Amino acid sequence: MGVRQATVIKEKLGNLLVDVGIISKEQLKEANEEQKKTGMKLGKILTARGYISEDVLLAFLGKQFGISFISLDEYGDIPKDVIKSVPESMVKRQMVIPVYKKKNVLTIAMADPMNVFAVDDLRLMTGCDVNVVIASESEIKSAIEKYYGSSSKGSMDDILKEMETGDADDLEIVNESEGEEELSALALAAEDAPVVKIVNLLLGEAIKMGASDIHIEPYEKTLRIRYRVDGVLHQAKAPPKKLQNAVVSRIKIMSSLDIAERRLPQDGRIKIRVSNREVDLRVSILPTAFGEKVVMRVLDAAALCLDLTKLGFEENTLSVYNKNIEIPYGIVLVTGPTGSGKSTTLYSTLSTLNYPDKNIVTIEDPVEYVLEGINQVQAKPDIGLTFAAGLRSFLRQDPDIIMVGEIRDTETAEIAINAALTGHLVFSTLHTNDAPGAVTRLNNMGIEPFLTSSTIIMVIAQRLVRVICKKCKESYEVPFDSVSGLGVTKEMVGGSDKVTLYKGKGCDNCTNTGYRGRLACYEVMEINDRIRDLVLERASTHVVKQAACEEGMLTLREAAVKKLLSGTTTVEEVMRVTFAD
């Protein structure tokens, strides 16, 4: 494959996709217009807008180039000698991964087959003939992290064994007094090499596992370490109790917190670099009966999915969602409990709407991820910069789109409604159990129904279900009666008396949990004329929900059941995160 061939296909990609009927001329025109504004690759624009899936695009490109398309998740383990044949700097710079080597032919997976310079570099560096296959960029990034990611230097046992050879007792130094000598010794202990290694090991393992939170919990005689992976806490190997204060102090130093203050809660932030990518950690320290408990929220921008088509929306639901976020003014509310993925949905939505001709302003507490091209403000209630104060100031900043982290009080709700009435598109979150409940919640906050009905254009409720691990996924059959209680109907299973379901038996890829990753289940309620009339009548949540379902709304339970029957998740997950309608 030469440079000329790649250039010709690159220029004609859109037309080729239209010719075979994968996308329409209108979709190509819209994508070309966005490309002129943003400079993004055409393929990324098409997948981000949901016009074509990444797998279909890559398979199509492979066919044009005469290159095979593979799934790295289903490929299996890559031999160590193959991985060693290409240095880490090369795979990360060119976004490729070696997958197979036979004699003098090295097979390389890459997401962009038009990158002929990468092939030439690999040929020169390895001295091998290079055979190219296509794989998705997300799978290549995961493979690079798996095979080239920073490995923890030693295990917890190795570090503790190393300490035994030294003077480990020097670390057991802090008592309840807070004299200068004790604090000075504590600071030295926190910088001691084994303590630094232990903290680095805890952080490295958490990021490698894809954990969202790290818990360090002190008890009377023990110290417990837990990682929250895919929404569920898992216990990990912990250092001995005597190192508790030194470990906490090390984290405080990294977070620029006061190591002398052990009576009051403290909040801080750590920025670390792992495998050439920056990861933010939001640190919360809480005094408990047996010492300070530390919880660190892992904010990994590289793991943030900004593609709406990959978050878990059903096809019809995504269509309704995309239609409503293009409306120039009004309020869109995203509801759900803490940790249900509301922030990811909002960030993905703002990323989709982030054009050069739009002025987007957000106020968040805290700013979890930094999005280029969006003006993000950190709320600081202690100095008077509340959601309401920030929102009031935004209206003088000529915004087109505003995002408020959460509507917590009547004042914030009223200003958001005024913003919507004066021609702004407002996104925010609310804590309710389902989408129809948001209307009742606003009524309870004192917002008049005529204001609610005239400004809210859509309410979304969401929950996260764990996805079955692809490496150890297996099928099994159950009688229809055993799943009918979940809301499964005969129509859903083609009238069969047997239903095929799936589960993960557990493997190294999923740390023997049977799950790997999460997807959202969405309940999208569009505020149409019928719902608007019910809101004006102050109808109960139950009545509004019934009307919304009759208008075509998919409930959280129905969305979860769809993922169950498609083999994405399990019965246990459906019952864990959703309730019967």
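Element breakdown for the chain at a 1.4 angstrom probe: carbon and sulfur atoms account for 49% of the accessible area. The amide H of E406, built 1.01 Å from its N in the peptide plane, has T429 as neighbours under 5 Å, considering only residues 5 or more places off or on other chains.
Considering helices alone, the calculated mean residue ellipticity of the chain at 222 nm is -12000 deg cm²/dmol, with DSSP H runs of length four and up weighted by -39500 (n - 2.57) and normalised per residue.
Computed over protein heavy atoms with a 1.4 Å probe, the accessible surface of the chain works out to 49 Å² per residue. The residue among T432, Y347, V119 whose Cα reaches farthest toward the positive pole of the charge dipole of the chain, with charges on the beta-carbon of Lys, Arg, Asp and Glu, is V119.
Working from the alpha-carbon coordinates of region 458-517, get Rg over Rh, Rh being the Kirkwood radius. Can you show the working numbers first?
On the way: Rg = 14.7 Å, Rh = 13.4 Å.
Rg divided by Rh gives 1.09.
What FRET efficiency comes out for A193 versus S566 if R0 is 51 angstrom and r is the Cβ-Cβ distance? Round to the nearest 0.05.
On the way: r = 50 Å, r/R0 = 0.99.
Efficiency at R0 = 51 Å is approximately 0.50.
Simple spin-label estimate for R277 and D382 gives 3.2 nm between the two label positions (7 Å along the Cα-to-Cβ direction from each Cα). Count Lys and Arg as plus one, Asp and Glu as minus one, and take only other residues whose Cβ is under 10 Å from that of V274; the net charge is then 0. The dipole here belongs to region 386-478: it is taken about the Cα centre, uses +1 on the Cβ of Lys and Arg and -1 on the Cβ of Asp and Glu, and is about 460 debye. Relative to 2.2 N^0.38 Å, what does the C-alpha radius of gyration of region 496-572 come to as a ratio? Two decimals please. Against the compact-globule rule of thumb, the ratio is 1.56.
For region 293-412, what class follows from the C-alpha gyration tensor (a ≥ b ≥ c being the square roots of its eigenvalues): rounded when a/c is under 1.5, otherwise prolate if a/b is larger than b/c, else oblate? Walk me through the numbers before you get to the answer.
Details: a/c = 1.58, a/b = 1.15, b/c = 1.38.
In terms of gyration-tensor shape, oblate.
Positive end of the dipole of region 389-486 (Cβ unit charges, origin at the Cα centre): among S475, F450, L395, the Cα lying farthest that way belongs to S475. The share of Cα pairs per 10 Å bin across region 349-457, counted from zero up to the longest distance, runs 14, 47, 33, 6 percent. In region 348-439, the DSSP beta bridges split such that about 10 percent are antiparallel, to the nearest 5.
Between S71 and E26, what's the calculated FRET efficiency when r is the beta-carbon distance and R0 is 35 Å? Round to 0.05.
On the way: r = 31 Å, r/R0 = 0.89.
Efficiency, rounded to the nearest 0.05: 0.65.
Computed on the Cα atoms alone, the convex hull of the chain gives a volume of 190 cubic angstrom per residue.
With Kirkwood's inverse mean 1/r over C-alpha pairs for Rh, give me the Rg to Rh ratio of region 187-316, two decimals please. All intermediate terms of the calculation are to be shown ahead of the outcome.
Numbers: Rg = 15.9 Å, Rh = 15.6 Å.
That ratio equals 1.02.
To the nearest 10, the accessible area of M403 is 10 Å² with a 1.4 Å probe.
With both labels modelled 7 Å from their Cα along Cα-to-Cβ, the N375 to M90 distance reads 4.7 nm.
Applying a 4.7 Å cutoff between beta carbons, the unpaired cysteines of the chain are C128, C305, C521, C549. Peptide packing: for 241-252, 383-394, 213-224, the average count of neighbouring Cβ atoms within 10 Å per residue gives the ranking 241-252, 383-394, 213-224, highest mean first.
The HN-Hα couplings worked out from phi for region 21-27 by the Karplus form 6.51 cos²θ - 1.76 cosθ + 1.60 (θ = phi - 60°) are x, 6, 10, 9, 5, 5, 5 Hz, whole numbers, x standing for Gly and Pro.
Charge tally around R516: other residues with Cβ under 10 Å, Lys/Arg +1 each, Asp/Glu -1 each, net +3.
Is there a pair in K141/K562; K237/K471; K80/K473; K470/K562 whose C-alpha atoms are over 20 Å apart, and which pairs would that be? Display every interim value, and only then the final one.
Details: K141/K562 29 Å; K237/K471 25 Å; K80/K473 25 Å; K470/K562 18 Å.
Distance filter (> 20 Å) returns K141/K562; K237/K471; K80/K473.
Farthest towards the positive end of the charge dipole of the chain, among the residues G62, L554, P328, is the Cα of G62, using unit charges on the Cβ of Lys, Arg, Asp and Glu.
What is the percent of Cα-Cα separations in region 440-560 that go past 22 Å?
Working: 3948 of 7260 pairs.
The share of Cα pairs beyond 22 Å in region 440-560 comes to 54 percent.
Arranged from highest to lowest average of other beta-carbon atoms within 10 Å per residue, in what order do the peptides 349-358, 101-110 appear?
Working: 349-358: 15.5, 101-110: 17.1.
So the order, starting with the most tightly packed, is 101-110, 349-358.
Assuming charge only on the beta carbon of Lys and Arg (+1) and of Asp and Glu (-1), the dipole of region 16-122 about its Cα centre is about 260 debye to the nearest 20. Summarising the amide proton neighbourhood of V133: residues at separation of 5 or more, or on other chains, whose placed amide H is nearer than 5 Å comprise I108, A109, M110. Working note: Karplus 6.51/-1.76/1.60 with θ = phi - 60° gives region 469-476 the couplings 4, 5, 6, 10, 5, 9, 9, 7 Hz, where Gly and Pro are set to x.
The values are calculated or read from the model by the stated rules, or taken from the named source; none is laboratory data. Every value quoted in this text rests on a predicted model; they were computed, and no experiment measured them. In this analysis, Cβ positions are derived from the backbone assuming ideal geometry, glycine residues included, and neighbour counts consider all displayed protein chains. We work out accessible area using only protein heavy atoms, side chains counted, and drop any ligands, DNA or RNA first. Shrake-Rupley method; radii C 1.70, N 1.55, O 1.52, S 1.80 Å.
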